[in-house]
Amino acid sequence: MTTWLTRIQPNLSNSRSRADLHDFVGLHRTVMSLFPAKLGDTPRRQAGALFRVDSGPAGDQLLVQSSLRPEPARLPPDYGTLRTTELTTLLDTLENTMVVHYRLVANTSKRLAKDTDRHRRGQLVSLKGEEILDWWHRRSAEHGLALASVEATAVTAPRSRDRAAIRHARTRFQGVATVVDAERLRDAVLSGIGRARAYGCGLLSVVPARARA
């Protein structure tokens, strides 16, 4: 199976492009518009689609990872520039003891336990303080990484035009780690980590440290 990584540089003169950066329901629709319409009841899963907005010196950039190759002509007119590369080769090079740089925007929340007050039982609540780091240390170990460093930054939750959509707590994790289970790590990259994968969370990016300038 081939995995694709698409980088979209939004055109900030375009009203839809600007709006999508602050509305992840709309952004989800734009991402899914890059793939064929008839993908069944779970189109995002069928396309293997995960996405994330990264901020850098050149501004915001949309990353879309997928098992289907996106069709550039499906991007709305003047939305931005698009570049797709094949990711499978990089994933195949991952091996135990390799040192990698990683980045993840995750939904850092928990569901309240059954022994919680009955009015709040089962609710999703945001993790706080050390709970956030503890969450990532547990998850990274489960998915084949031994963390050497971690920088955790809260990400402002986007607004939503869809009142039924959940506003998710988001944290950006980045740092250096050692691969301890390459197979689990590949599965995590392909499947995503945590909740809210349809809303811009869960895409884990890794690159060998020696390959990074």
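Peptides 190-197, 149-156, 82-89 ranked from most to least packed, by the mean per-residue count of other Cβ atoms within 10 Å: 190-197, 82-89, 149-156. Across all Cα pairs in the stretch 4-86, the calculated P(r) in 10 Å bins from zero up to the longest distance comes to 18, 56, 24, 2 percent per bin. Using a Gaussian network model of the chain in which every pair of alpha carbons under 10 angstrom is joined by a spring, one finds that among Q46, Q174, Q123 the greatest mean-square fluctuation is at Q123. From helices alone, the chain scores -6000 deg cm²/dmol at 222 nm; the rule is -39500 (n - 2.57) for each run of n ≥ 4 DSSP H residues, then divide by the residue total.
Need the full-extension length gain, R29 to V180, defined as separation in residues times 0.36 nm minus the C-alpha distance. One decimal, nm. Show your work: numbers first, answer last.
Details: separation 151, 0.36 × 151 = 54.36 nm, distance 3.59 nm.
Full-extension gain reported as 50.8 nm.
The gain in end-to-end length when the N11 to L190 segment is fully stretched comes to 61.7 nm, 0.36 nm per residue minus the alpha carbon separation. Global size of the chain: 17.5, 52 Å for Rg and Dmax (C-alpha atoms, Rg to one decimal, Dmax whole).
So what is the relative contact order of the chain, in percent, for Cα pairs below 8 Å that sit 6 or more residues apart?
Numbers: 409 pairs, mean separation 59.0, N = 213.
Relative contact order of the chain: 28 percent.
A Gaussian network model of the chain, with springs between Cα atoms under 10 Å, assigns the largest mean-square fluctuation among R52, R172, R29 to R29.
The numbers here are math on the coordinates, done by the rules we state, and not lab data. Keep in mind that this is a model prediction, so the values were computed, not measured. Every residue, glycine as well, gets a Cβ built from its backbone with ideal geometry; the counts of neighbours run over all protein chains shown.
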